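**Student:** Have a look at this one.
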Amino acid sequence: MREKPRKFESIYTEGSGTWPAALVAAGLMLALVLGARGTALALAGALVGPLPAAQTALALGYSQMEQAAQSTPAPASEAAPASSAASSLVQAAGGIPDIAQYLVALLGEDARPAGAGAVRETNYGQGTGDKYIPCKAGTIKNNTSISAADVASEIQNPLPFNIELNSAEPQVLVMHTHATESYRMSEGLWYDPADTSRNTDTAYNMCAVGRVITDTLNAAGINTLHDETLNDYPSYTGSYDNSRAVVQQYLAQYPSIKIVLDVHRDAIESDGTRMAPVVTVDGRKAAQVMLICGCDNGSTVKLPNWRQNLRFAAAWESAMEGMYPGFTRPVLFSYRFYNQDLTTGSLLIEIGGHGNNLNEALYAGQLAANALAALLTGAA
């Protein structure tokens, strides 16, 4: 999530130009036929108006369309319009999707390269001391000058928005400022030293995690859109400007959206060892997650709605930690911007780090979405 050292930037210098409109239109038609609605939305955006990095939408949609083609697609007459956020997969199943269908094959010890780097699993606790403010479950790490009493008082207030269940209009947008962030593909506690922890294939980067979150929310009756634009490719610089334009276009088209989730992963490393924050839930390892909520500092960071976002962060933190003890790291409440001025339900969530493997992150995405659904439906 956080701005990476310049050594990562070289992998974003490849490629330029835009896709011809006719080619994008063809991709949109194919996406609709195959039921790849997330891809269809991205392509539709490329036709409606210029989105940053929209030139990548068609190419990156291929893997999603190929996956859809391998399953039994709905007849064209039954295909939902591009504006529909409902997931055909989860609606057909009639419940929370089985995480097993999202998991990928990981590399075994036979694929371990010479000079492989080390990975260490850990679980980050909730923390103690004046900086840590308790929620109903979990804590908020207060890195601002706002008093602990003020924060504690604010998070007692109700959510600043109401979600309409089973609505025909989108309620949530899942997107990725740093979509190419990726995870380990090894089953063991090692990583390939050539691994940059970046991938433009949406089957293996943050978009894969976002897909699980989106499907899980839709299955709970929360109409959710997923944008898979690679806002950090081909250039990492300006990622947040790019993603801001993307979110603004969605909000203009769908003013019903109350929540915007920017899904990232962290990168925690010590002396060349990558840290993997994990917790075991129902016998399966999941990456730990961390919410980040920005605060207005009165000058350089302008977030007039930070209090409303903070309420949401505290409520979601409480739901996640209450349902899955040890699943969360403390909410980071700090002078960060991250485009969180756009709604009163804008948060950044870190799903594990580059030391976690992809399957741990996918499972974590589902757990986080389960807790959010419970919160928004009144079950938490």
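**Student:** HN-Hα J couplings of the range 186-196 from phi, Karplus 6.51/-1.76/1.60, θ = phi - 60°, integer Hz, Gly and Pro as x?
**Tutor:** 9, 6, x, 8, 8, 9, 6, x, 7, 6, 8
**Student:** Where in the range 349-370 does the amide nitrogen come within less than 15 Å of the point 7 Å from the Cα of Arg120, taken along Cα to Cβ?
**Tutor:** Under 15 Å, as judged by backbone N against the label point of Arg120, lie 355-356 of the range 349-370.
**Student:** Where does the charge balance sit around Thr328 when Lys and Arg score +1, Asp and Glu -1, over other residues with C-beta under 12 Å from its C-beta? Provide the component values of the computation, followed by the final result.
**Tutor:** Details: positive: Lys141, Arg329; negative: Glu317, Glu321, Glu350.
Summing Lys and Arg as +1 and Asp and Glu as -1 gives -1.
**Student:** Work out the FRET efficiency for Gln101 and Ala252 from their Cβ-Cβ distance, taking R0 = 41 Å, and round it to the nearest 0.05. List each step's numbers first, then the result.
**Tutor:** Numbers: r = 34 Å, r/R0 = 0.82.
That pair, Gln101 with Ala252, gives E of 0.75.
**Student:** Using only Cα positions of the range 217-308, each an equal point scatterer, no hydration layer, compute I(q)/I(0) via Debye at q = 0.13, 0.14, 0.17, 0.25 Å⁻¹ and quote the log10 values to two decimals.
**Tutor:** -0.74, -0.85, -1.16, -1.32
**Student:** Tell me which residues come under 5 Å, amide H to amide H, from Cys135 once H is placed; ignore anything under 5 positions away on its chain.
**Tutor:** Placed amide hydrogens put Ile140 under 5 Å from Cys135.
**Student:** Where the centre of each part is set by its Cα atoms, how far does the range 204-237 sit from the range 105-129, in angstrom?
**Tutor:** 24 Å
**Student:** Given the Cα-Cα distance of Glu109 and Phe161 and 0.36 nm per residue of separation, how much length would full extension add, in nm?
**Tutor:** Values: separation 52, 0.36 × 52 = 18.72 nm, distance 4.86 nm.
Using 0.36 nm per residue and subtracting the Cα-Cα distance, I get 13.9 nm.
**Student:** Give me the compactness ratio for the range 231-380, meaning the Cα radius of gyration over 2.2 N^0.38 Å.
**Tutor:** On the way: Rg = 15.9 Å, N = 150, 2.2 N^0.38 = 14.8 Å.
My calculation over the Cα atoms of the range 231-380 gives 1.07.
**Student:** Net charge around Ala137, counting only other residues with Cβ within less than 11 Å of its Cβ (Lys, Arg = +1; Asp, Glu = -1)? Spell out each step's value before the answer.
**Tutor:** Numbers: positive: Lys136; negative: Glu317, Glu321.
Neighbourhood net charge equals -1.
We did not get these values from a lab; they are worked out from the coordinates using the rules stated. Because the structure is predicted, anything quoted here is derived from the model rather than measured. Virtual Cβ from ideal backbone geometry, glycine too; neighbours counted across all protein chains shown.
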